[in-house]
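What follows is one structure encoded as structure tokens, with my remarks underneath.
The values are calculated or read from the model by the stated rules, or taken from the named source; none is laboratory data. Since the structure is predicted, the reported quantities are computational estimates derived from the model, not experimental observations. Because the Cβ atoms are built from the backbone with ideal geometry, glycine has one as well, and the counts that use them run over all protein chains shown. We work out accessible area using only protein heavy atoms, side chains counted, and drop any ligands, DNA or RNA first. Shrake-Rupley method; radii C 1.70, N 1.55, O 1.52, S 1.80 Å.
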Amino acid sequence: MAPGLGARSIAGRTRSRKLLVGANALLLARVRQGGAALSDQTLEKLYIDGCSRQVDETTGTRVFHVTTPHALTQASGYLKYVRGIQQEAVFFRGQRRLYKGLAPALFRGVSNPKTQSDRIGAINTCCRLIAKANPIFDKVPPAAHEPLMQHYGLNTSWIDLVDNVWVALWFACHRALVSGTHDRFLHFERRNPADESVPFAFILLVAADTVPSDPFIPGLWRGSRTELVDLRVAAPSLFLRPHAQHGVLFRMRAKGDMRPLDYNAQTADIIRIDLRNALAWLGDGDMLNTHAIFPPPFYDHGYGFLLDTPVQANEIVGCIQHVGT
């Protein structure tokens, strides 16, 4: 290397970094003053080393592609910061591919208010019967019963999210496989980049209102657009799975006679990672394997109670799933 070349290179990187820091600081100032455009509330104008705005080749969707763990943390943290000013929180949903929308399982295939109402009635009845059979549900607010059932396999009007970007990355790096009547048996396999037609991991950043519920219910927030339940607060850790996964759930609020069938309007942005990188970042630690993310009934006593509850499974509400670990 020629004398002085390293010093000039370091100086150049230092000047570039100062420019990026200055640009980001100006953007954040505009956000806090309320003068930023809507695009500024996404990752559109943010400058981060190790990431770039790209178009996903498979879907044509604009994504924020990150190549380092620091870039992943900074990008997700930025949206949490700016959305918090608007009384919104940003949570994560890991996916192995991008889909056209963000529809809850209960509403898939629904096209009219009558069908939606019938399905909501079916899940309400199912949750009521399960709660009646298990006294532990007396410790869980009724508003959290349905989202808790979603976590253990039933089809509901809620969408699963997590409040930990590494748990989201775990879901994006694993393939869920089901078998049996009403998909009763579920297990996860670690994805292999060599076998994937879409060798990426995706993390959706989903915004939800953080207006406390009225009347106050621990772990529940109800804003003008969304409802949010944090099961780490609303349910005791006797139900271990949502605590292990840092699990929160949200749904959009009804407008008129019908709740929206697709919640994709709350997707604030999308982060994409090369699958090989994502797998390397996760590693093989005991806190990030199926046994830890989906604790078996020996540890998750609430899960054991649910498995022992005689619930009439059907194609609408599904069933409490047996997870292989």
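The modelled label-to-label distance for the pair Asn124/Ser197, using points 7 Å beyond Cα in the direction of Cβ, is 4.1 nm. Using the Cβ-Cβ distance between Trp281 and Leu186 with R0 set to 25 Å, the FRET efficiency from 1/(1 + (r/R0)^6) comes to roughly 0.50.
Given Cα pairs under 8 Å that are at least 6 residues apart, what percent is the relative contact order of the chain? Normalised by residue count, the contact order of the chain is 22 percent. Using C-alpha pairs below 8 Å separated by at least 6 residues, the relative contact order for the stretch 209-325 is 19 percent. Here's the picture: a label point sits 7 Å out from the Cα of Gln54 along the beta-carbon direction, and within the stretch 95-130 the residues with their amide nitrogen under 15 Å of it are 97-98. Note down the net charge around Leu129, summing +1 for each Lys or Arg and -1 for each Asp or Glu among other residues with Cβ under 14 Å from its Cβ. My count for the surroundings of Leu129 gives 0.
Computed over the alpha-carbon atoms, the chain gives an Rg to Rh ratio of 1.01, Rh here being the Kirkwood radius from the mean inverse distance. Extension gain for His301 to Phe216 (0.36 nm times residue separation, less C-alpha to C-alpha distance): 27.8 nm. If the segment from Lys100 to Gln87 were pulled out straight at 0.36 nm per residue, it would be longer than the present Cα-Cα gap by 2.0 nm. From largest to smallest, the equivalent ellipsoid semi-axes obtained for the stretch 62-193 from the alpha-carbon gyration tensor read 30, 20, 17 Å. Looking at the chain, the DSSP beta bridges with both ends there are about 90 percent antiparallel. Under 15 Å Cα to Cα from Lys114, which aspartates and glutamates show up? Leave out anything in the same chain fewer than 8 places away. Cα-Cα hits under 15 Å: Asp257. Quick one: divide the alpha-carbon radius of gyration of the stretch 170-276 by 2.2 N^0.38 Å and tell me what you get. In units of the globular-protein estimate, the stretch 170-276 measures up at 1.32. Modelled this way, with points 7 Å down the Cα-to-C-beta line, the labels at Ala254 and Ala292 are 4.2 nm from one another. Accessible area per residue (1.4 Å probe, heavy atoms of protein chains only) ranks His145, His243 as His243, His145, with the largest value leading. Solvent-accessible surface of the chain, taken per residue with a 1.4 Å probe and all protein chains present: 49 Å². If the reach is capped at under 20 angstrom between alpha carbons, list the aspartates and glutamates near Lys139, excluding any in the same chain fewer than eight residues apart. Answer for Lys139, where 20 Å is the Cα cut-off: Asp214, Asp230, Asp300, Asp308, listed by chain and number.
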